[in-house]
Amino acid sequence: MGIASTVRDYLDEAGVDYRLVHHDYTPNSRGAAQAARVPPDQLAKPVLLEDAKGYLVAVVPASRRVELLSLERQLGRRLVLASEREVQDVFSDCSKGAIPAVGQAYGLDVVWDDCLAACADIYFEAGDHTDLVHMSGKEFTFLMGRRPHGTISAPDIRH
């Protein structure tokens, strides 16, 4: 499948420099980082959340997990994880579970973790389970623009 058309169109319109990195099939972000031989701290993992205001994509490094209580306090929202069905409906041009970190391309609110701001390179799912988008950290920060950011994650000790 390669890059989802919504993601490609968004990146091209934004004028950012990126390339695709192909890797063996993996079912999750951590696996993608390992298969593509990239540090999990540099792989931006999106998590689709929702509340009465709508959907929100929280973007954290693949080596970390969203700190939901901290995020709720920072944003003044009561968030829950969106269902797999909702994820598929929102990211309809992506393979199931392979959502890109640029939720704004889909018209969604986005909040991102400050850990990603220090990365020289950023990778994220292109919309399937075999390709990553690779760009400089500077380009990723440009894409995030003025979207809210902060400390919204903690180390994922399950891995």
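The values are calculated or read from the model by the stated rules, or taken from the named source; none is laboratory data. Please read all numbers here as calculations on a predicted model, not as lab measurements. We place every Cβ from the backbone using ideal geometry, glycine too, and count neighbours over all the protein chains shown.
Just for region 64-119: of the residues that are small (Gly, Ala, Ser) and outside any loop (DSSP other than H, G, I, E, B), which one is surrounded by the most Cβ atoms within 10 Å (Cβ to Cβ)?
Step one: filter region 64-119 for residues small (Gly, Ala, Ser), giving 70, 76, 82-83, 92, 95, 97-98, 101, 103, 105, 107, 117-118.
Now restrict to residues that are outside any loop (DSSP other than H, G, I, E, B): 70, 103, 105, 117-118.
On the way: 70: 14, 103: 24, 105: 22, 117: 14, 118: 10.
Among those that are small (Gly, Ala, Ser) and outside any loop (DSSP other than H, G, I, E, B), it is 103.
Answer yes or no as to whether residue 122 is more than 22 Å from residue 18 (Cα to Cα), out of contact with any Pro (no Cβ under 6 Å at 6 or more places or on another chain), buried (at least 22 other Cβ atoms within 10 Å of the Cβ) and touching a residue at least 12 places away in the same chain (Cβ under 8 Å).
Values: more than 22 Å from residue 18 (Cα to Cα): no; out of contact with any Pro (no Cβ under 6 Å at 6 or more places or on another chain): yes; buried (at least 22 other Cβ atoms within 10 Å of the Cβ): yes; touching a residue at least 12 places away in the same chain (Cβ under 8 Å): yes.
Spelling it out, it is not the case that residue 122 is more than 22 Å from residue 18 (Cα to Cα), out of contact with any Pro (no Cβ under 6 Å at 6 or more places or on another chain), buried (at least 22 other Cβ atoms within 10 Å of the Cβ) and touching a residue at least 12 places away in the same chain (Cβ under 8 Å).
For residues in region 6-36 being modelled with pLDDT of 95 or more and among the basic types (Lys, Arg), which is farthest from residue 95 (Cα to Cα)?
Top of the filtered list is 19.
Condition check ((1) closer than 22 Å to residue 87 by Cβ; (2) touching a residue at least 40 places away in the same chain (Cβ under 8 Å); (3) part of a helix (DSSP H, G or I)) across all residues:
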position: 38; (1), (2), (3): no, yes, no
position: 45; (1), (2), (3): yes, yes, no
position: 50; (1), (2), (3): yes, no, no
position: 56; (1), (2), (3): yes, yes, no
position: 59; (1), (2), (3): yes, yes, no
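Out of curiosity, is residue 38 surrounded by 13 or more Cβ atoms within 10 Å (Cβ to Cβ), touching a strand residue (DSSP E or B) at 6+ places or on another chain (Cβ under 8 Å) and over 16 Å from residue 152 (Cβ atoms)? Steps first, please.
Values: surrounded by 13 or more Cβ atoms within 10 Å (Cβ to Cβ): yes; touching a strand residue (DSSP E or B) at 6+ places or on another chain (Cβ under 8 Å): yes; over 16 Å from residue 152 (Cβ atoms): yes.
For residue 38, the condition - surrounded by 13 or more Cβ atoms within 10 Å (Cβ to Cβ), touching a strand residue (DSSP E or B) at 6+ places or on another chain (Cβ under 8 Å) and over 16 Å from residue 152 (Cβ atoms) - is met.
Checking residue 60 against (1) surrounded by fewer than 22 Cβ atoms within 10 Å (Cβ to Cβ); (2) touching a strand residue (DSSP E or B) at 6+ places or on another chain (Cβ under 9 Å), which test does it fail?
Just one mismatch for residue 60, condition (1).
Pick from region 21-42 the residues that are in contact with a Leu (Cβ under 9 Å, 6 or more places away or on another chain) and among the polar types (S, T, N, Q): which of them is nearest to residue 134 (Cα to Cα)?
42
Out of 131, 121, 93, which single residue is in contact with a His (Cβ under 6 Å, 6 or more places away or on another chain), over 22 Å from residue 67 (Cα atoms) and modelled with pLDDT of 95 or more?
Working: 121 fails: in contact with a His (Cβ under 6 Å, 6 or more places away or on another chain); 93 fails: in contact with a His (Cβ under 6 Å, 6 or more places away or on another chain).
None of the other options fit; the residue is 131.
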